[in-house]
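The values are calculated or read from the model by the stated rules, or taken from the named source; none is laboratory data. The structure displayed is predicted, hence computed values, not measured ones. All Cβ positions, glycine included, derive from the backbone under ideal geometry; neighbour counts span all protein chains shown.
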Amino acid sequence: MGARGPVPQPDNVRALRGNPGGHTTPARVTAKPGAPAAPSWLDTEAKAEWRRVVPELDRLGVLSKVDRAALATYCAAWSKFVAAEKLLQGDDLVAERRAGNGPAKNPAWQIWREAATTVAMLAKELFVTPSSRLRSVKPEGDDGGDQGAGILD
């Protein structure tokens, strides 16, 4: 289940509207921005996913070196998902049991489901999904050319 409530307003919109309710905004815990290095143990598919997402996330300013473990887990799970998907595409969805007790679910489904769940959960945490990006606000001190800057001026 996703985060509840309305999508938070970006910092620039909140600043323009002021604080009519007098609510205090909690301070955010931040880490020094920067993309972590990819672990050497990632397989080919996982490294390809790392090269696909990390530059974009770094450009958005949401990465820090402490995110390496979460990114590595996401990329490794993606690789397992792709491998299970390929197995399922090339095989029957059901498998015959050795004892001849009738058909059973292909074991690749369990791997596929667990990898898909991990990828989906970490994708939200790492701002890889559109909805997670809408719910986020840019880190303080972000001076990367915001394409919407000044739109409400």
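Does any residue of region 56-74 turn out to be within 30 Å of Gly18 (Cβ to Cβ), among the small types (Gly, Ala, Ser) and at pLDDT below 90? Within region 56-74, one or more residues are within 30 Å of Gly18 (Cβ to Cβ), among the small types (Gly, Ala, Ser) and at pLDDT below 90. Evaluate region 22-31: report whether one residue or more is closer than 30 Å to Ile111 by Cα, at pLDDT 70 or above and under 20 Å from the mean Cα position of the chain (by Cα). Checked region 22-31: no residue is closer than 30 Å to Ile111 by Cα, at pLDDT 70 or above and under 20 Å from the mean Cα position of the chain (by Cα). On inspection, Val53 fails the criterion of being in contact with a Pro (Cβ under 7 Å, 6 or more places away or on another chain) and at pLDDT below 95. For Gly141, the conditions (1) of a type outside the set (S, T, N, Q); (2) within 30 Å of Arg4 (Cα to Cα); (3) modelled with pLDDT under 75; (4) surrounded by 14 or more Cβ atoms within 10 Å (Cβ to Cβ) all hold with the exception of (4).
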